[in-house]
1. Hey, could you check segment 287-316 for residues that are within 21 Å of Pro29 (Cα to Cα) and among the aliphatic types (A, V, I, L, M) and say which is most open to solvent (accessible area, probe 1.4 Å)?
2. Consider Asn352 against the criteria (1) closer than 24 Å to Leu77 by Cβ; (2) not in a helix (DSSP H, G or I): it satisfies all of them except one. Which criterion is unmet?
3. From the residues in segment 317-346 that are without any contact (Cβ under 8 Å) to a residue 60 or more places away in the chain and more than 22 Å from the chain's Cα centre (by Cα), which one is most open to solvent (accessible area, probe 1.4 Å)?
4. Residues being of a type outside the set (Val, Ile, Thr), out of contact with any helix residue (DSSP H, G or I) (no Cβ under 7 Å at 6 or more places or on another chain) and part of a helix (DSSP H, G or I): count how many of those fall in segment 152-186.
5. What are the residues in segment 398-414 that are surrounded by fewer than 22 Cβ atoms within 10 Å (Cβ to Cβ) and either among the acidic types (Asp, Glu) or closer than 23 Å to Ser293 by Cα (or both), if any?
6. Has segment 281-288 got any residue that is modelled with pLDDT under 85 and of a type in the set (Phe, Trp, Tyr)?
7. Counting only residues that are buried (at least 22 other Cβ atoms within 10 Å of the Cβ) and of a type in the set (Ser, Thr, Tyr), which one in segment 54-81 is modelled with the highest pLDDT?
8. I'd like to check something: does segment 135-149 contain any residue that is open to solvent by less than 30 Å² (accessible area, probe 1.4 Å), touching a residue at least 40 places away in the same chain (Cβ under 8 Å) and within 12 Å of Phe213 (Cα to Cα)?
Amino acid sequence: MMEITAQMRENKKIEFKDQLKIVVLLSVPAILEQLVGTAMSYIDTAMVGSLGYKAAAIGVVASTTWLFGGICTAAVLGFSVQVAQYLGAGKNKLARQVVCQSILFNIIFGLCMALVVVAFSFYLPKLLGADPSICRDATLYLAIVGAFIPFNMMAMLHSGMLRCSGNAVLPSLMNISMCVFDVIFNYFFIYILNLGVAGAALGTGMAQLVVGFILMYIVVKKEKSLRLLGDESWKFDKDILKNVVNLSIPAGLERVTLSLAQVVMTGVVSGMGAISVAINYVAVSAEGLCYLSAYGIGGAATTLVGQSIGANRKDMAKRFAYLTTLLSFVLVIFMSVIMFVFAPFLASTLTNSQEVIDGASECLRIVSFSEPLFAISIVVMGALRGAGDSKCPFVLNALSMWGMRVLPIIIFTKRYGVIGVWATMTFELVFRGIIFLIRMVRGKWLDQNSVK
């Protein structure tokens with residue numbers, strides 16, 4: 001990656017085969033990571049599913065954990081994009097300075113987020129209309145997940161920095177390790193200590209803690225372009241923090257907007273009963289298999305576009321955006337066919353209830369038609385963020401999610417049950433893919449860089 005970046009800074013021509021090679025080299029480890037992560041998530045969900053309908057407690061608060069996780073992801077984005085662009089420009093000392101700032105930010109922001117989530121956990125399940133029989137488990141799960149937020153954020157932060165430096169293999173291996181640790185810790189807490197749903201949360205949190213510290217050590221001590229040399233300042237830098245604000249606040253608002261929409265939808269589904277909650281949760285868990293490659297390629301798009309912008313090569317940024325989007329579209333078409341054909345099998349690996357399997361299978365087959373366009377929105381969003389354009393994804397996602405999904409579900413589809421919810425979601429994902437594709441083709445995002 002560093003060789004390609006150097007060639008871009010020298011304004012040399014990058015052959016198409018080299019462009020494709022670097023896209024594949026960055027994407028494949030991330031895709032494998034997503035694949036293993038999804039496989040481990042299946043095992044995780046199956047382990048919790050063995051507890052019976054108590055597992056619905058996780059489904060009730062799942063969208064809330066995505067909300068706070070999304071906020072942390074947005075905060076991390078503000079640092080990782082700067083690392084990509086500074087390394088692309090050959091400003092390694094500034095990149096190392098960003099690492100120092102990110103560690104300080106992680107401690108302060110992570111602890112604040114943890115306190116907020118733990119406080120909310122005592123009230124949220126009831127507010128979402130959860131059945132009283134699962135409220136206690138839902139509270140416990142959310143409170144424990146919240147307490148481990150600083151460590152989850154640490155893992156995301158340093159994993160993102162390694163990727164944006166061009167090292168896709170190591171963070172992928174470490175995040176695969178996190179999934180393995182998750183299963184091991186889950187088995188210990190759920191079955192050995194018999195902690196049930198709370199054990200699932202503890203298992204995940206401990207896996208995040210272990211891998212978070214390992215990744216931080218690798219970044220600050222071992223990674224060639226980012227390891228700290230002792231000439232960095234640990235005082236807050238107003239320019240770096242200003243860049244974080246410009247990049248992270250729109251991304252954070254985007255995640256809040258999307259996740260609040262998911263919370264509202266969870267509330268709607270929760271009002272349909274425990275079976276509908278279980279169908280929705282199983283379908284959401286299984287659906288991740290289809291678009292996981294898009295998130296891997298989207299991460300590659302952020303790195304490649306970010307370093308291209310840093311090297312002042314907008315032509316290469318555009319080429320990498322187009323190439324990663326096309327690759328993702330093709331792969332997800334293939335995965336959509338697999339999901340459509342094997343929907344009952346995928347659902348059956350997560351639950352023993354035939355009623356839940358039948359309902360989740362129908363949901364998966366409906367949404368499979370929208371997944372290729374959803375993949376386009378994911379990768380284009382990664383490219384836009386690499387270019388420093390985080391405002392437009394917020395606007396487009398908010399418009400699509402609330403205007404084309406949430407409002408129709410509230411007004412029209414509640415009467416049609418969870419199948420109606422998923423049919424509406426399918427239409428919205430198609431719309432979202434189209435508007436993101438239009439944004440990429442118009443090319444205005446190349447002039448929206450927020451990093452100064």
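The values are calculated or read from the model by the stated rules, or taken from the named source; none is laboratory data. On a predicted model such as this, the values are computed, not experimentally measured, just so you know. Heads up, the Cβs are rebuilt from the backbone with ideal geometry, glycines too, and the neighbour counts pull from every protein chain shown. All accessible areas refer to the heavy atoms of the entire protein, side chains included, with ligands and DNA or RNA removed. Shrake-Rupley method; radii C 1.70, N 1.55, O 1.52, S 1.80 Å.
1. Looking at residues that are within 21 Å of Pro29 (Cα to Cα) and among the aliphatic types (A, V, I, L, M), I get Leu289.
2. Condition not satisfied by Asn352: (1).
3. Phe345
4. 1
5. Those that are surrounded by fewer than 22 Cβ atoms within 10 Å (Cβ to Cβ) and either among the acidic types (Asp, Glu) or closer than 23 Å to Ser293 by Cα (or both): none in segment 398-414.
6. Yes, segment 281-288 has at least one match.
7. Filtering first and then ranking leaves Ser80.
8. No, every residue in segment 135-149 fails to be open to solvent by less than 30 Å² (accessible area, probe 1.4 Å), touching a residue at least 40 places away in the same chain (Cβ under 8 Å) and within 12 Å of Phe213 (Cα to Cα).
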